[in-house]
Amino acid sequence: MMKLSHELFTRAKKFIPGGVNSPVRAFSSVNGEPVYIASGKGSKIKDVDGNKYIDFCGSWGPLVLGHADHEVITAVQESAAKGLSFGACSPLEVEFAELFCDLVPHADMVRMVNSGTEAVMTAIRLARGVTGRNLVIKFDGCYHGHSDQLLVSAGSGLLTNSIASSKGVTDATISEVITLPYNNIEKITKIFKKYKNKIAAVIVEPVAGNMGLVPGNREFLSALRSLTKDSDSCLIFDEVITGFRFHAGPYSSLIGITPDISTFGKIIGGGMPVGAVAAKKEIMEQLAPLGDVYQAGTLSGNPIAAAAGIATLNALRNSNPYPHMEWLATVFANKVNAFATENKLPVHCRSYGGVFTIFFSSKTQLCNMDDVKTCDTEKFAAYHSYMLERGFYLSPSQFELNFVSMAHTEEEMNQAADAVLEFFDIVRSE
Ligand SMILES: Cc1ncc(COP(=O)(O)O)c(C=O)c1O
């Protein structure tokens, strides 16, 4: 029963475009209607109709400690009681910056902003300001927020023939961005040969999470590092998802590849709106007020976001939940994959650390967006609604990640895997 959710969605559609404040929440890619969430605690959420779910969306990543974590909520409450925002300097932003820079080895400095989109926008402007160049290279299937310059996709035909992935993005913007296939060293090498001295930045999700789970090959990420270094352009790692997801630090330090600039969001705000740009001092000092690259924000570094971020990062550092989350995702993936293999089903679950995606494709080597496009999205939609009915809230798209938190248990992972197998069984006998 989703009577109240349906009523809320009907009301919402009258005053909010599509009824949602972010498109993927509309459930249109899973042929459904959004569930309205009333509350969450640990690994579970409850909707307005009283249905309970084990949550694998985790607000799209930030809730690595689970919902309403005691330490985070207490930190927010204590800070909120003193005032929500001052538009002036306050102590917690200093504490946040010190802690963050301690945990992110290549960050001498950090600038807090309010979202991942804002962090990436700033990083691109910074790279252009530092290099004095315009051209930006990105990869098909990576998502970097909704700023104009990053809503550009690969066109068909010519390698450099980009197209807008949204109306309203101008031709002038498109002409300054090239979109290439992920994990393809040959194509980016060619582009560097051709445009070497024009490239301001290469931006990449080092583990792509926006086409489902597609890790960047080490050789690919190393190639990006050496190509950018050799041509004095900036390598930007977009760690909005990967930052603090696989250990208490950036993904870059796990793989030993140091980008020039990194962007963060999600986990570092513990569920509050936040983003951050980080780099070495020489680069960060180009930002206003020290440098000529302008960036600002009324609510940037506000005490509530800083408080939630500090509590989250401290908890991650002190409790190291990463082996636990990795184990949970592995338990789930192994069970799903054993069944799929045994029954020769065109589906597999890929997990890495505490994240996973079930790909409804017969292709097992999914390395880029073209590979991922082989997935059967109708099957995914049926799977999603089956799981929702069974009490498992998954990210509502084939091309997204699911997140395990510190609060999930092995029993919950087994329950979820059992429900997936039941779905497979139904599909198999159709
Ligand atoms: C890798 C990546 N970068 C940037 C963003 C944009 O972040 P936000 O939604 O906070 O603007 C996202 C959002 O999902 C993301 O996954």
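The values are calculated or read from the model by the stated rules, or taken from the named source; none is laboratory data. This structure is a prediction, so every number in the text was calculated from the model and none was measured. Neighbour counts are summed over all protein chains in view; Cβ atoms, including those assigned to glycine, are modelled from backbone coordinates with ideal geometry.
Confirm whether SER85 is within 21 Å of SER395 (Cα to Cα), of a type in the set (S, T, N, Q) and either surrounded by 13 or more Cβ atoms within 10 Å (Cβ to Cβ) or not assigned by TED's automatic domain parsing to the domain that holds ALA276 (or both).
no
With the condition kept exactly as written, say whether any residue in segment 145-156 is assigned to a strand (DSSP E or B), modelled with pLDDT of 95 or more, within 14 Å of the ligand (Cβ to nearest atom) and out of contact with any Pro (no Cβ under 8 Å at 6 or more places or on another chain).
The answer is no, given that none of the residues of segment 145-156 is assigned to a strand (DSSP E or B), modelled with pLDDT of 95 or more, within 14 Å of the ligand (Cβ to nearest atom) and out of contact with any Pro (no Cβ under 8 Å at 6 or more places or on another chain).
Out of all the residues in segment 378-430, which are touching a Ser or Thr at 6+ places or on another chain (Cβ under 7 Å) and part of a strand (DSSP E or B)?
ASN402
Quick check, is GLY275 under 23 Å from PRO396 (Cα atoms), in contact with a helix residue (DSSP H, G or I) (Cβ under 6 Å, 6 or more places away or on another chain), buried (at least 24 other Cβ atoms within 10 Å of the Cβ) and not hydrophobic (A, V, I, L, M, F, W, C)?
Here the answer is no, as GLY275 does not meet what is asked.
Checking ALA81 against (1) among the small types (Gly, Ala, Ser); (2) within 16 Å of the ligand (Cβ to nearest atom); (3) without any contact (Cβ under 8 Å) to a residue 40 or more places away in the chain; (4) under 30 Å from ASN314 (Cα atoms): exactly one of these is not met. Which one?
(2)
Residues in segment 185-194: is at least one touching a strand residue (DSSP E or B) at 6+ places or on another chain (Cβ under 8 Å), closer than 16 Å to MET369 by Cα and of a type outside the set (Val, Ile, Thr)?
Yes, the conditions are met somewhere in segment 185-194.
Since LEU287 meets every condition but one in (1) aliphatic (A, V, I, L, M); (2) buried (at least 23 other Cβ atoms within 10 Å of the Cβ); (3) in contact (Cβ under 8 Å) with a residue 60 or more places away in the chain, which condition does it not meet?
(2)
Determine whether ASP260 is touching a residue at least 40 places away in the same chain (Cβ under 8 Å), crowded, with 22+ Cβ neighbours inside 10 Å and either more than 30 Å from LEU421 (Cα to Cα) or of a type in the set (Gly, Ala, Ser) (or both).
When the stated conditions are applied, ASP260 passes them.
Hey, among the residues in segment 172-195 that are in a loop (DSSP other than H, G, I, E, B) and in contact (Cβ under 8 Å) with a residue 60 or more places away in the chain, which one's farthest from the ligand (Cβ to nearest atom)?
Here the answer is ASN184.
If you go through segment 323-368 one residue at a time, how many are assigned to a helix (DSSP H, G or I) and without any contact (Cβ under 8 Å) to a residue 12 or more places away in the chain?
Of the residues in that region, 5 qualify.
Against the condition surrounded by 19 or more Cβ atoms within 10 Å (Cβ to Cβ) and touching an Asp or Glu at 6+ places or on another chain (Cβ under 9 Å), how does ALA311 come out, does it pass?
For ALA311, the condition - surrounded by 19 or more Cβ atoms within 10 Å (Cβ to Cβ) and touching an Asp or Glu at 6+ places or on another chain (Cβ under 9 Å) - is met.
So in segment 123-132, with the set limited to residues that are more than 11 Å from ASP292 (Cβ to Cβ) and either within 12 Å of the ligand (Cβ to nearest atom) or buried (at least 24 other Cβ atoms within 10 Å of the Cβ) (or both), which one is farthest from the chain's Cα centre (by Cα)?
ALA127
Taking segment 101-117, which residues are assigned to a loop (DSSP other than H, G, I, E, B) and within 15 Å of the ligand (Cβ to nearest atom)?
Correct list: ASN114, SER115.
Residue by residue, here is whether (1) closer than 30 Å to VAL76 by Cα; (2) small (Gly, Ala, Ser); (3) within 16 Å of the ligand (Cβ to nearest atom); (4) assigned to a loop (DSSP other than H, G, I, E, B) holds:
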{"residue": "ASN197", "(1), (2), (3), (4)": "no, no, no, no"}
{"residue": "VAL240", "(1), (2), (3), (4)": "yes, no, yes, yes"}
{"residue": "ARG245", "(1), (2), (3), (4)": "yes, no, yes, yes"}
{"residue": "SER253", "(1), (2), (3), (4)": "yes, yes, no, no"}
{"residue": "ILE257", "(1), (2), (3), (4)": "no, no, no, yes"}
{"residue": "PHE264", "(1), (2), (3), (4)": "yes, no, yes, no"}
{"residue": "ALA278", "(1), (2), (3), (4)": "yes, yes, yes, no"}
{"residue": "GLY297", "(1), (2), (3), (4)": "yes, yes, yes, yes"}
